[in-house]
Every structure is written in C-alpha cells, then in structure tokens.
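Participant: Before I ask anything, here is the structure I am working with.
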Amino acid sequence: MANKREPLSDKINIDMTPMIDVVFQLITFFMLTLKTVITEGDFDIRMPLGPSQGAVSDDPIPPVRVRLIAGPAGERAGISMNGSPVRDFDELQKKLVDLVGTGPGSRAEATEVELDCDYALKYDNVVRAITAVSGVVQPDGTVVELIKKIKFSPPKRPAG
Amino acid sequence: MARRQSDGPSKTDVDMTPMIDMTFQLITFFVFTLNFSTAVQDERLQLPMSQLAKPAEGPSVDPITLQLMSDGNVIYMGEPLPVEEIGGYLENEKRVMLGAGKNLAEATVIVRADGRSKTGDVQELIKFCQEKGFEKIVQRAEYDEGK
C-alpha cells in the first residue's frame, strides 16, 4: 500500500529566541544608561569688582539695598530692605511690589537691587532673595517680572 | 488493541505576542527618554531651588562650569580645589581661549554652587572670574516646578 502523505500544515514556526535575546539586551542597555536630568536655570547677577570710585550712576532711582544677615551657623538671621527690617522673603517681595509697582507705569525696569549678604550666609538664602525680587509667580503659574538689574555688594570676609 | 500513548514530550504553544508587545513598548519608552545632553550635573551638589530659574533657550557659548561644594572647594575638571587656587586654572582657560582666537567677553562661566555653601565663597569665585577677564557669569539653580 502506498504511503499516504501527511497534509502540509499552514502554521510556520518561527524561532523567536534570538529576537527576544536581542530585545532584552536592548532593554538592559537602556535601563543601565538611563539618567534623569534635573531642569536647571540661570540667574545673571552682576558683582562690582571694587567700590565705585566716585562714579555717578545714570540710574534715576537709587538702588534698593537688601541686606541679608547670617546667624552663627550660616542660617538667615534677618532681612532688611533699605534699612527697615523685613520678616521673610514674601514680605520683601510685597514691599518691593509696593515700591516699584507692577503693570503699566511700573518702575521695576529702572530699579536696581543691591544684595548685601554676610559672608557666612548659606547661598540658598541668596537664591531665595533673588527669586523674591526677580518676579512674582501667580497662582496660574505665570510670572510677573519685577527687578532685572540685581547686583551683589563686594564680599566682606570676616576678620580673623 | 489498546491505543498506546506517545512517550515523547508534548509541545505546548505559548503565545509570545503580549510579551513582545510589552517589551517593544519598554524599548520605545527608553528610546524616547534617552538623553544625549552633555550638561554637567554633579551629584555631590545640592543646587538651590527657584521657581524663576528657567532653563536657557540655547546652549551657552564656550561654557566653563565651576561647581562650588558646601565645604568651600570648587570642582573643576572633576577635581576638588580650594577656591583660592582656581585663579591659576582660570588663567589657563583664558590662555587657551585667547590662543584659539576666542573672545573672553563671550565666554560664559556657569557657577553651580551648593545651596549650603557660603555666599562669600560664591562671591569670591565670581570675583576670581571677573579678575581674569570673564564678563558673562551666570549662577545656576534648580528649577522648582512648585508642585
């Protein structure tokens, strides 16, 4: 009796192993090289090299002097604006807005802020002060710009 | 005659489709989140945070990154140095840039200072840069999304 041929199957078996190997190697590579990048931004702050030598400023408004006082461990011990004490950075911002105003007719563009900080003060406080005087963040996330001209007083290294 | 059961292993077909789908989705995720940026971000530093520290629109021109740690040392080319010694290294940078015909006024010095470092040290660092003729000095902070 002649052998009866088996009917050909429609299903083609593809060996998936090499593809899965490669794919898992790719995943491993991407997982190991993954690095999270934190968004960073810049502040452009001027610092005069030395005390002004009798130069007359062209600015019509004298600079607003913000003094940041450090405690023994470098923490913030006090803030003052043009000599008058300020409770915190929110109040500093409020006082500055009262002084220069916002919107049309604002004097923010022409006003300069000079930051006079104690040597040992933690730098974090300076950035908070810069943030407070640079702009107001509205509840919807928009920023109302305040002072653009910010400068540091020259550093004063403590004696001893 | 009773039917004899086959002794060989029975072949079970596993459906690989869901696993391959998921794997390719993972690969797609990793490819899209792949970051080619060469931004210097040292994990030893804890940058101060600000809601107004918006990222720069374009890359800085001839950037020189100086990283000030909380102990007062500056990380320059991966090595920690006292602030007072950075002047010599900046002099080298200046010489190289001038030798390459670049304008010092256009170079950007990026100061990445730890939030716990002394403000005076940050100012000293900026002063050293200014004394060497670098004019464009920016202070970097971490963007605070305020969430």
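Participant: Within the stretch A:59-76, which residues are at negative phi, within 23 Å of the chain's Cα centre (by Cα) and within 13 Å of another protein chain (Cβ to nearest Cβ)?
Facilitator: Within the stretch A:59-76, A:V66, A:R67, A:L68, A:I69, A:A70, A:E75, A:R76 meet the criteria.
Participant: I need a count of the residues in the stretch A:10-46 that are over 30 Å from B:A53 (Cα atoms), loosely packed, with under 14 Cβ neighbours inside 10 Å and modelled with pLDDT of 85 or more.
Facilitator: Here the count works out to 9.
Participant: Would you check which residues across the stretch B:45-79 are in contact (Cβ under 8 Å) with a residue 60 or more places away in the chain and charged (D, E, K, R) and list them?
Facilitator: Across the stretch B:45-79, the qualifying residue is only B:K54.
Participant: Something else: Pick out the one residue from B:T23, B:T28 that is at the interface with chain A (Cβ under 8 Å from one of its Cβ atoms), over 14 Å from the mean Cα position of the chain (by Cα) and closer than 30 Å to A:D21 by Cβ.
Facilitator: Exactly one residue qualifies, and that residue is B:T23.
Participant: Filter the stretch B:77-93 for residues that are away from every other protein chain (no Cβ under 14 Å) and surrounded by 18 or more Cβ atoms within 10 Å (Cβ to Cβ); which is farthest from B:L45 (Cα to Cα)?
Facilitator: B:E93
Participant: Please tell me if B:G88 is farther than 30 Å from A:D140 by Cα and in a loop (DSSP other than H, G, I, E, B).
Facilitator: No.
Participant: Something else about it: Can you tell me which residue is farthest from the other protein chains (Cβ to nearest Cβ) among those in the stretch B:48-69 that are outside any loop (DSSP other than H, G, I, E, B) and open to solvent by 60 Å² or more (accessible area, probe 1.4 Å)?
Facilitator: Of everything passing the filter in the stretch B:48-69, B:P63 is farthest from the other protein chains (Cβ to nearest Cβ).
Participant: Right, next: Kindly check whether there is at least one residue in the stretch A:107-129 that is within 11 Å of chain B (Cβ to nearest Cβ), surrounded by 16 or more Cβ atoms within 10 Å (Cβ to Cβ), at pLDDT below 85 and in contact with a Pro (Cβ under 8 Å, 6 or more places away or on another chain).
Facilitator: No, the conditions are met nowhere in the stretch A:107-129.
Participant: If I go through the stretch B:115-147 residue by residue, how many of them are more than 18 Å from the chain's Cα centre (by Cα), facing another protein chain (nearest Cβ under 7 Å) and in contact (Cβ under 8 Å) with a residue 60 or more places away in the chain?
Facilitator: So the answer is 2.
Participant: Under 21 Å from A:D42 (Cβ atoms), modelled with pLDDT of 90 or more, surrounded by 17 or more Cβ atoms within 10 Å (Cβ to Cβ) and within 14 Å of chain B (Cβ to nearest Cβ) - does that describe any residue in the stretch A:92-104?
Facilitator: Within the stretch A:92-104, one or more residues are under 21 Å from A:D42 (Cβ atoms), modelled with pLDDT of 90 or more, surrounded by 17 or more Cβ atoms within 10 Å (Cβ to Cβ) and within 14 Å of chain B (Cβ to nearest Cβ).
Participant: If you don't mind, there's one more thing I want to ask. Restricted to the stretch A:130-160, and to residues that are within 12 Å of A:I45 (Cα to Cα) and either part of a strand (DSSP E or B) or open to solvent by 40 Å² or more (accessible area, probe 1.4 Å) (or both), which residue is nearest to the other protein chains (Cβ to nearest Cβ)?
Facilitator: My answer is A:F152.
Participant: Any residue in the stretch A:86-103 that's in contact (Cβ under 8 Å) with a residue 40 or more places away in the chain: show its pairings with residues that are in a helix (DSSP H, G or I) and open to solvent by 20 Å² or more (accessible area, probe 1.4 Å) at Cβ separation under 7 Å, as long as the two are six or more apart or on different chains.
Facilitator: A:F89/A:R128
Participant: Among the residues of the stretch B:116-147, what is the count of those that are more than 14 Å from B:V83 (Cα to Cα) and open to solvent by less than 10 Å² (accessible area, probe 1.4 Å)?
Facilitator: The total comes to 4.
Participant: Across the stretch B:94-114, which residue is nearest to the other protein chains (Cβ to nearest Cβ) among those that are open to solvent by less than 10 Å² (accessible area, probe 1.4 Å) and in contact with a helix residue (DSSP H, G or I) (Cβ under 8 Å, 6 or more places away or on another chain)?
Facilitator: Here the answer is B:A113.
The values are calculated or read from the model by the stated rules, or taken from the named source; none is laboratory data. Just so it is clear, the structure is predicted and the values come from calculations on it, not from any experiment. Cβ coordinates were reconstructed from backbone atoms using ideal geometry, including for glycine residues, and neighbour counts include every protein chain displayed. What goes into the accessible areas is simple: the full protein's heavy atoms, side chains included, and nothing from ligands, DNA or RNA. Shrake-Rupley method; radii C 1.70, N 1.55, O 1.52, S 1.80 Å.
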